[in-house]
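Engineer: Before we start, here is the structure in question, set down as structure tokens.
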Amino acid sequence: MRSKLKTLIKSLFAIADILLAVFTIFSAYGGLIDPESSSAGALAAMLFPPAICAVVIMMLAAIFVHRYLALLNIAVVIICWGPFMAICPLNFFRANPTEVEAEGNKVLKVVTFNTFGLQDFENDNHETIPSNSLQFMIDCDADILLCQELYPWKTVLSRKYNSMQTDSLAKRYPYSSNDERGMAIFSKYPFEKIPLHYNDSYKYDVCRYDVNIDSVTVHVFNMHLQSIGLTDSDKKLYHDITEGDTDSDFTHIRHDLLGKLSLAFVERARQSRIIRKFIDDAPGRILVAGDFNDIPLCYAYRTISGDNLTDVYRRAGLGFDISYHADRFYFRIDQMLCSDGLLPLQAQYGGTGSSDHYPLTAWLQLL
């Protein structure tokens, strides 16, 4: 009897481990599937972090339960090593930007920040005077600061934000552009805003700025892709699910959550193809940053990256990190990409929690 129970346990463990292995590999590369044909790959990609963690746990458990299956888990880790490094880079020996600059090289500090409309996420009434987000934008002292959801100053001032801060920001960055849609750039270098013509402007935003840095032009793209568009009831439903509420109506889950996620995947896929064409029309040094509203393994990210753009955090970041921290949607959806001619030295998230997004700061060597 004991022998049969042991055999049953090993069989169930083997089945679970094999199913986990298949799903983990699928989630690692699901972003290669165009969401317009199926959103299953995109949905699976969002679950890759917990899936690969489960594989490691199963690998350790297999040593005691079914040791030969540990080889399967090791194989899965090897197969998924690239996607794993995309979400959790292990750049332990990164260059020091100060030292690189001291050697006579040009180093740029670039920040991308979804400002949450300069509301204060950490306060219940969303009001802080002076603005913590504005103060971060001043103190970060970036060479190029890209913002999303930063609406024009007349809106800011109508909320009685500290005008001394806006004056300080203007002194810090002599060149700037801030449109009605909340897309903004603040720069220590002169730039020309290049008009981009595209449809669906009320679903996403992309701006191009040709920044002149010591006679070298860098084509900078600032973007804000399609959001999921969840309502308060959708967010409550998600909270219930993450708290283990199994009584949630499956119809609502499928329609309100999965349905909206799938639609957003499709929209971002279409948007990414348009943006990729804009990038292809800008030969030379390219910098792309902003709120992608999607993770590094997704189809939109892969499309925009193409064959010539490098993920700055993947190349110069360290460890697993997130950029969105509201409503328990803990994902890295704010990205920065660069082409040859820009070498990532260091990259990190954080600096302020005043927005529902953490800023992404990167140091890039201009080659």
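Read-outs throughout are calculated quantities, based only on the coordinates presented, and are distinct from any laboratory measurement. None of the values given here were measured: they were computed from a predicted structure. Backbone-built Cβ (ideal geometry, glycine too); neighbour counts: all protein chains shown.
Engineer: By count of other Cβ within 10 Å, fewest leading, how are ASP327, ASP120, ASP214 ordered?
Structural biologist: Taking fewest neighbouring Cβ atoms as first place, the list is ASP214, ASP327, ASP120.
Engineer: For the pair ASN96/LEU43, report the inter-label distance in nm, with labels modelled 7 Å from Cα in the Cβ direction.
Structural biologist: If labels sit at ASN96 and LEU43, their model points lie 5.0 nm apart.
Engineer: Follow-up question, since we're still on this one. In whole Hz and in residue order, list the ³J(HN,Hα) couplings for segment 13-29 that follow from phi through the Karplus curve 6.51 cos²θ - 1.76 cosθ + 1.60, θ = phi - 60°; x for Gly and Pro.
Structural biologist: 4, 5, 5, 4, 5, 5, 4, 5, 4, 5, 5, 5, 5, 5, 5, 5, 10
Engineer: Moving on to the next point. List MET85, MET223, MET164 from most exposed to least, where exposure is judged by having the fewest other Cβ atoms within 10 Å. Provide the component values of the computation, followed by the final result.
Structural biologist: Numbers: MET85 14, MET223 25, MET164 10.
Taking fewest neighbouring Cβ atoms as first place, the list is MET164, MET85, MET223.
Engineer: Calculated FRET efficiency, LYS4 and CYS88, Cβ-Cβ r, R0 41 Å, to nearest 0.05?
Structural biologist: 0.50
Engineer: Taking Cα pairs under 8 Å and at least six residues apart, what relative contact order does segment 2-87 come out at, in percent?
Structural biologist: 31 percent
Engineer: What full-extension length gain, to one decimal in nm, is calculated for VAL77 and ILE57 as 0.36 nm per residue of separation minus the Cα-Cα distance?
Structural biologist: So the chain would gain 6.0 nm between VAL77 and ILE57.
Engineer: Could you tell me the calculated FRET efficiency between GLU180 and LEU19, based on Cβ-Cβ distance and R0 = 51 angstrom, to the nearest 0.05?
Structural biologist: So, using R0 = 51 Å, E works out to roughly 0.55.
Engineer: Whole-Hz ³J(HN,Hα) for each residue in segment 299-308, computed from phi via Karplus 6.51 cos²θ - 1.76 cosθ + 1.60 with θ = phi - 60°, x for glycine and proline: what do you get?
Structural biologist: Calculated HN-Hα couplings, in order: 5, 4, 4, 5, 5, 5, 4, x, 9, 10 Hz.
Engineer: Same structure, new question: For the chain, modelled as a GNM with alpha-carbon contacts under 10 angstrom, which of ASN114, ASN293, ASN96 fluctuates the most?
Structural biologist: Looking only at ASN114, ASN293, ASN96, the biggest GNM fluctuation is shown by ASN96.
Engineer: Further, regarding this structure: Amide H neighbours of MET336 under 5 Å, at least 5 residues apart or on other chains, H built in the peptide plane: list them.
Structural biologist: VAL312, TYR313
Engineer: Helix-derived [θ] at 222 nm for the chain: sum -39500 (n - 2.57) over DSSP H runs of at least 4, divide by residue count, nearest 500?
Structural biologist: Per the formula, -12000 deg cm²/dmol.
Engineer: Can you list the HN-Hα couplings for segment 114-122, worked out from phi with the Karplus curve (6.51, -1.76, 1.60; θ = phi - 60°), rounded to whole Hz and with x for Gly and Pro?
Structural biologist: My calculation for segment 114-122 gives 7, 7, 6, x, 6, 6, 10, 5, 7 Hz in order.
Engineer: Then there is this: With r as the distance between the Cβ atoms of HIS126 and GLU36 and R0 = 41 Å, compute the FRET efficiency 1/(1 + (r/R0)^6) and round to 0.05.
Structural biologist: 0.65
Engineer: Here's a follow-up. To one decimal place, what Kirkwood hydrodynamic radius in Å is obtained for the chain from all pairs of distinct Cα atoms?
Structural biologist: On the way: mean 1/r = 0.0451 Å⁻¹.
One over the average 1/r among Cα pairs gives 22.2 Å for the chain.
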